[in-house]
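Working notes, beginning with the structure itself.
The values are calculated or read from the model by the stated rules, or taken from the named source; none is laboratory data. What you see is a predicted model, and the numbers here were worked out from it, not measured in a lab. Counting neighbours? That spans all protein chains shown, and the Cβs are built from the backbone with ideal geometry, glycine included. All accessible areas refer to the heavy atoms of the entire protein, side chains included, with ligands and DNA or RNA removed. Shrake-Rupley method; radii C 1.70, N 1.55, O 1.52, S 1.80 Å.
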Amino acid sequence: MEEYIDVLDQFGNPTGISKTRSEIHKNGDYHRVVHTWIYNEVGEILLQKRSYKQENHPGCWDISSAGHVHALEKSYEAAVREIKEELGLAVNKEDLKFIMAIKRNRNVLNQELADIYVLEKNVDCKKLEFIDKEVIDAKFFSISQIKKFLENPESNVVNREEYAYLFKYISLEKGLHL
């Protein structure tokens, strides 16, 4: 069964209309997504490797956890749900820190308003469970490693526009000089 998603106006206000995910993308409606970046006590960032069967960005390294906010679901609820589905980690909403919302106009059919969360958590990647099979691997990378990926336009890292915000947040939070 396909999930229903609330249609938003360009400012993120609910329109009172819900549509299926495929209808949202077919019509280019604004909708909310969540991105959660997980980092550990030394400031390394957990990236997930997307399944090669994924429609978008197969086999690429991506945000720790991401997904659509379902109709009538709160943003933080979606973040908690996606972390469980994609990585098998149980977290509470209190574990998450909301840092910002950004408008992502990837193309005329993918108009997203992304709520960005961070979660500081030491995770044993060997114990992760990829429940929904959208993810095939996850690893921690240092900020310097990720910067090298980002410098190479051929690297298979997606959602490049968010890393600067994330680096700034972690450097302030951890007292790192980047």
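Just one of the listed residues (S144, S171) is modelled with pLDDT under 90, assigned to a helix (DSSP H, G or I) and either under 17 Å from W61 (Cα atoms) or not acidic (D, E) (or both), namely S171. Pairs linking a residue in the stretch 60-73 that is in a strand (DSSP E or B) to a residue that is of a type in the set (K, R), with Cβ atoms under 6 Å and 6 or more positions apart or on different chains, are W61/K49; D62/R50. Looking at V7, V34, V42, which is the one that is in a loop (DSSP other than H, G, I, E, B) and of a type in the set (A, V, I, L, M)? V42 is the lone residue from the list that is in a loop (DSSP other than H, G, I, E, B) and of a type in the set (A, V, I, L, M).
Would you say F149 is open to solvent by less than 70 Å² (accessible area, probe 1.4 Å), more than 23 Å from F98 (Cα to Cα) and in contact (Cβ under 8 Å) with a residue 12 or more places away in the chain? For F149, the condition - open to solvent by less than 70 Å² (accessible area, probe 1.4 Å), more than 23 Å from F98 (Cα to Cα) and in contact (Cβ under 8 Å) with a residue 12 or more places away in the chain - is met.
Selection within the stretch 1-37: residues that are among the hydrophobic types (A, V, I, L, M, F, W, C) and open to solvent by 50 Å² or more (accessible area, probe 1.4 Å). The member of this set that is farthest from Q111 (Cα to Cα) is M1. What is the one condition in (1) under 22 Å from S51 (Cα atoms); (2) at pLDDT 95 or above; (3) of a type outside the set (V, I, T); (4) surrounded by 16 or more Cβ atoms within 10 Å (Cβ to Cβ) that D137 does not satisfy? Just one mismatch for D137, condition (4).
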